[in-house]
Amino acid sequence: MSGAQDRIPVMVPWLGEEEAQAAAEAVRSGWVAQGPRVAAFEQAFAERVGAAHGVAVSSCTTALHLSLVALGLGPGDEVVVPSLSFIATANAVRYVGAEPVFADVDLATGNLTAETIAAVRGERTRAVVLVHQGGVPADVEAVRKACAQWDVAIVEDAACAIGATVAGGPVGAGALLAAWSFHPRKVITTGEGGMVTTDDAEVAARLRRLREHGMNASAAERHASRTPVLEQYLEVGFNYRMTDIQAAVGLVQLGKLDEVVGRRRALAARYDALLAAELPRLRPVRDPAHGTTTFQSYWVLPEDGWPEGRDAVLAGLAEAGISARRGIMAAHLEPAYADHPHADLPVTERITRDSLILPLFHTMTEQQQDRVVEALAREAPR
């Protein structure tokens, strides 16, 4: 068994002295809560993804929640979501009192399609949460066209898709609402944190109020005013703010985005070549025809399942000092949704049962990749 010092992690955020200095400068400035650095990060991020407005928040979960609040969703409404997603996608629908309706996904991408949405859409369907799973872009054009015909709104869950492209442009461009994550396992990180992007100025203004208790004047605006500002609380809001310390780190990370995505794509291409030579019966995630992925997660799926089960493979890799992960979870199989009705989801259940996420991170070496594939070859069907 490899020693602890030789363990290959599944993910390591790429952080360095530049981020440390940016955070320190925010601390030394005396403005550490939501302030000018948050505003700068919002503008830079929105420009990067082709949106008019960015609203920084405390997490992608809160970004999803605020997006659904902005759509006016509530009890009696249904929202189509993939079960094949981190559970926050479905939970955000419940936060507003609406009901998540689980739809199946495409086997190659792990994403909803216009067809899988149509299969579960009903009279009470008011929105779809379209996840770009693991950084693989969904077929946005096809889903937008279908949802426009149905008069159904779309919230894009782009938690893993910062830097992905679809239909020749960045994921997020043209989205009614898109939610993003800066968790340490995502492509770029602020430690924790999220963002909502939109092209609608009125929606953006309301989202900014909602993240700050429904207040009509932010702390930064009150501080900048030369006269007393008597703020009002226009509706029940939330405390979903990002700090200037996080935003300072985010600005540095955003400047590295192209390099980060380029490196992840190069590592994924090398994995593809190694697996094709050694394990041709394993199908890795790949770019879809309509766009390019960030490879936030690099997952593989065997043609006919694992001989002894996926969890046995995970145990074997762990014994070899490799921290792989089970594939994408399925919310409908978790205890929190045990009594929640759903249609048959055969592709979702196949992916969540058999998929395996391999280590992939910016500083990964070729030697580490070789070790991963060698260990996998001892466990996987050839």
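Residue pairs whose Cβ atoms lie under 7 Å apart, sitting 6 or more positions apart in sequence or on different chains, and linking a residue in the stretch 267-290 that is of a type in the set (Phe, Trp, Tyr) to a partner that is assigned to a strand (DSSP E or B), are Tyr271/Pro284; Tyr271/Tyr298; Tyr271/Leu358.
Candidates in the stretch 229-288 are the residues that are of a type in the set (Ser, Thr, Tyr) and at pLDDT 95 or above; of these, the one that is farthest from the chain's Cα centre (by Cα) is Tyr271. Of all residues in the stretch 74-95, those satisfying the criterion of being open to solvent by 20 Å² or more (accessible area, probe 1.4 Å) and either under 22 Å from Arg208 (Cα atoms) or hydroxyl-bearing (Ser, Thr, Tyr) (or both) are Asn91, Arg94, Tyr95. State yes or no: is Leu68 buried (at least 24 other Cβ atoms within 10 Å of the Cβ), among the hydrophobic types (A, V, I, L, M, F, W, C) and under 19 Å from Leu177 (Cα atoms)? Judged against the criteria, Leu68 is a match. Scanning the stretch 96-120 for residues that are open to solvent by 10 Å² or more (accessible area, probe 1.4 Å), under 12 Å from Thr348 (Cβ atoms) and in a loop (DSSP other than H, G, I, E, B) yields Asp104, Asp106, Leu107.
Annotation: of all residues in the stretch 312-368 being touching a residue at least 12 places away in the same chain (Cβ under 8 Å) and acidic (Asp, Glu), the one that is surrounded by the most Cβ atoms within 10 Å (Cβ to Cβ) is Asp354.
Out of all the residues in the stretch 172-184, is one or more on the phi > 0 side of the Ramachandran plot and open to solvent by less than 20 Å² (accessible area, probe 1.4 Å)? Yes: one or more hits.
Between Val96, Val57, Val105, Val49, the distinction of being more than 27 Å from Glu235 (Cβ to Cβ) and in contact with a Gly (Cβ under 6 Å, 6 or more places away or on another chain) belongs to Val49 only. Residues considered: Arg28, Arg37, Arg48. Of these, the only one that is modelled with pLDDT of 95 or more, within 20 Å of the chain's Cα centre (by Cα), of a type outside the set (Val, Ile, Thr) and outside any loop (DSSP other than H, G, I, E, B) is Arg48.
The values are calculated or read from the model by the stated rules, or taken from the named source; none is laboratory data. Computed from a predicted model, the values in this text were never measured in an experiment. Quick reminder, even Gly has a Cβ in these numbers, built from the backbone with ideal geometry, and neighbours come from all protein chains shown. What goes into the accessible areas is simple: the full protein's heavy atoms, side chains included, and nothing from ligands, DNA or RNA. Shrake-Rupley method; radii C 1.70, N 1.55, O 1.52, S 1.80 Å.
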